[in-house]
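**Student:** A single structure is presented below for examination.
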């Protein structure tokens, strides 16, 4: 399956999600191909940190100029593509090949508007016979129960046509930033953390057993 993690807006957490999801899939025994098509190369940077620290399992990320030597059918591989609008041609090409598009949406009105525009772009880019699933979820959600922005953003997302909105959220937690800076997935840094538990639930929503 080809899964594109994308958003029109920067700062939505695409690279963090792609990195953690790739390592989660490897942990689950899946073969993974990860692509970093964003000129900022954040995913490539964190994988370089992981390589320098000699963490296992190893994760290889390819860019737009590299082509992996495939020894098996693409149907047997989980493909993850991290891409943003800084590489618009790459984004449209990835969308046109995607089986699924995952949209992380921070809880703000600006991000809801951006998601709406992204949905228009997806609709105009996918092929007529392309059975693509579009999934959105609240990323960097508020952790304090009295703050309503995340609830309001999720409610707004559910009014947008053509998407499946996950009920699971990823919260704004220090563990994500710390683990990412060290080249580790959240569940590698602290397996019993809240971030690890919520990411496990998120990943299982995308890849049910």
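The values are calculated or read from the model by the stated rules, or taken from the named source; none is laboratory data. Remember, it's a predicted structure, so these values are computed and weren't measured experimentally. Cβ sites come from the backbone with ideal geometry, for glycine too, and all protein chains shown count toward neighbours.
**Student:** Looking at 162, 183, which one is crowded, with 19+ Cβ neighbours inside 10 Å and touching a residue at least 24 places away in the same chain (Cβ under 8 Å)? Lay out the reasoning, then the answer.
**Tutor:** Details: 162 fails: crowded, with 19+ Cβ neighbours inside 10 Å.
Matching residue, one of 162, 183: 183.
**Student:** A further question follows. Just to be sure before I move on: is residue 118 assigned to a helix (DSSP H, G or I), in contact (Cβ under 8 Å) with a residue 40 or more places away in the chain and touching a helix residue (DSSP H, G or I) at 6+ places or on another chain (Cβ under 7 Å) in the structure I sent?
**Tutor:** Criteria not met by residue 118.
**Student:** Then there's this: Which residue out of 135, 83, 79 is at pLDDT below 95, touching a strand residue (DSSP E or B) at 6+ places or on another chain (Cβ under 9 Å), in a strand (DSSP E or B) and closer than 28 Å to residue 171 by Cβ?
**Tutor:** It is 83.
**Student:** Within segment 188-209, which residues are under 18 Å from residue 80 (Cα atoms) and in contact (Cβ under 8 Å) with a residue 12 or more places away in the chain?
**Tutor:** Across segment 188-209, the qualifying residues are 199, 200, 202, 203, 205, 206, 207.
**Student:** Could you grab me the full set of residues in segment 13-60 that are in a loop (DSSP other than H, G, I, E, B) and buried (at least 23 other Cβ atoms within 10 Å of the Cβ)? Don't jump to the end; show me each part of the working.
**Tutor:** Step one: list which residues in segment 13-60 are in a loop (DSSP other than H, G, I, E, B), which gives 13, 28-31, 37-41, 53-60.
Hit for segment 13-60 is 38, nothing else.
**Student:** Next up: Kindly list the number of the only condition in (1) under 18 Å from the mean Cα position of the chain (by Cα); (2) modelled with pLDDT under 95; (3) assigned to a helix (DSSP H, G or I) that fails for residue 89.
**Tutor:** (1)
**Student:** Condition first: in a helix (DSSP H, G or I) and in contact with a helix residue (DSSP H, G or I) (Cβ under 7 Å, 6 or more places away or on another chain). Now tell me which residues in segment 92-110 satisfy that.
**Tutor:** Within segment 92-110, 92, 95, 96 meet the criteria.
**Student:** Looking at segment 1-12 only, could you name the residues that are closer than 16 Å to residue 205 by Cα and surrounded by 24 or more Cβ atoms within 10 Å (Cβ to Cβ)?
**Tutor:** Within segment 1-12, 4, 5 meet the criteria.
**Student:** Can residue 153 be described as touching a helix residue (DSSP H, G or I) at 6+ places or on another chain (Cβ under 7 Å), in contact (Cβ under 8 Å) with a residue 12 or more places away in the chain, crowded, with 19+ Cβ neighbours inside 10 Å and more than 21 Å from residue 15 (Cα to Cα)? Talk me through it step by step, then tell me what you get.
**Tutor:** On the way: touching a helix residue (DSSP H, G or I) at 6+ places or on another chain (Cβ under 7 Å): yes; in contact (Cβ under 8 Å) with a residue 12 or more places away in the chain: yes; crowded, with 19+ Cβ neighbours inside 10 Å: yes; more than 21 Å from residue 15 (Cα to Cα): yes.
Against the criterion (touching a helix residue (DSSP H, G or I) at 6+ places or on another chain (Cβ under 7 Å), in contact (Cβ under 8 Å) with a residue 12 or more places away in the chain, crowded, with 19+ Cβ neighbours inside 10 Å and more than 21 Å from residue 15 (Cα to Cα)), residue 153 qualifies.
**Student:** If you take the residues in segment 121-140 that are under 24 Å from residue 205 (Cα atoms) and in contact (Cβ under 8 Å) with a residue 60 or more places away in the chain, which one is surrounded by the most Cβ atoms within 10 Å (Cβ to Cβ)?
**Tutor:** Within segment 121-140, the first condition is being under 24 Å from residue 205 (Cα atoms), and the residues that meet it are 122-123, 126, 130-140.
Narrowing the set further to residues that are in contact (Cβ under 8 Å) with a residue 60 or more places away in the chain leaves 135, 137, 139-140.
Values: 135: 17, 137: 23, 139: 25, 140: 22.
The residue in question is 139.
**Student:** Under 6 Å by Cβ, and 6 or more places apart or on different chains, what pairs join a residue from segment 39-60 that is touching a residue at least 40 places away in the same chain (Cβ under 8 Å) with one that is part of a helix (DSSP H, G or I) and surrounded by fewer than 17 Cβ atoms within 10 Å (Cβ to Cβ)?
**Tutor:** 39/86
**Student:** Next up: Considering only segment 1-12, how many residues are within 24 Å of residue 173 (Cα to Cα) and in a loop (DSSP other than H, G, I, E, B)?
**Tutor:** As a first pass, look at segment 1-12 and keep what is within 24 Å of residue 173 (Cα to Cα): 4-12.
Narrowing the set further to residues that are in a loop (DSSP other than H, G, I, E, B) leaves 8-12.
So the answer is 5.
**Student:** While we're on this one: Given the conditions (1) modelled with pLDDT under 95; (2) within 12 Å of the chain's Cα centre (by Cα), report the number of the one that residue 14 does not fulfil.
**Tutor:** For residue 14, the failing item is (1).
**Student:** With the structure loaded, tell me whether residue 143 is outside any helix (DSSP H, G or I), in contact with a strand residue (DSSP E or B) (Cβ under 9 Å, 6 or more places away or on another chain) and surrounded by fewer than 16 Cβ atoms within 10 Å (Cβ to Cβ) or whether it fails that test.
**Tutor:** Values: outside any helix (DSSP H, G or I): yes; in contact with a strand residue (DSSP E or B) (Cβ under 9 Å, 6 or more places away or on another chain): yes; surrounded by fewer than 16 Cβ atoms within 10 Å (Cβ to Cβ): yes.
In short, yes.
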